[in-house]
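One structure is given below, encoded as structure tokens.
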Amino acid sequence: MDGRPTGSTAFAGYEVTGTAPNRVLTVEWRNWEWNYAKGSAVISFQTKLYEGTNVIEYVYRSEAGTVNSGYATIVTGK
């Protein structure tokens, strides 16, 4: 993944919301290329970690660009 798409402003960051013991850590990647050979943003996504419940949530959004020879795997579990 590449955070420097042509014509878009990519962002990577995090935010903690809520109060203990019910906080949520949200890590976000916005307007990212799938790989360095692609010239436009392909995907934005977030990972949310919920304190106290051990729930992990993934949120995805497709952007205007298309994937250039890409694939992805998400593995979760204990």
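A short reminder: the numbers here are calculations on the coordinates, not readings from a lab. Not measured: the values here are computed from a predicted model. When we count neighbours, we look across all protein chains shown, and the Cβ atoms used for this are built from the backbone with ideal geometry, even at glycine.
Positive contributions from Lys and Arg (+1) and negative ones from Asp and Glu (-1), summed over other residues with Cβ under 15 Å from the Cβ of Tyr14, come out at -1.
Once the other residues with Cβ under 14 Å from the Cβ of Tyr50 are scored (Lys, Arg +1; Asp, Glu -1), what is the net sum? It would help to have the intermediate numbers written out before the result.
Values: positive: Arg23, Lys48; negative: Glu15, Glu51, Glu57.
Net of charged neighbours comes to -1.
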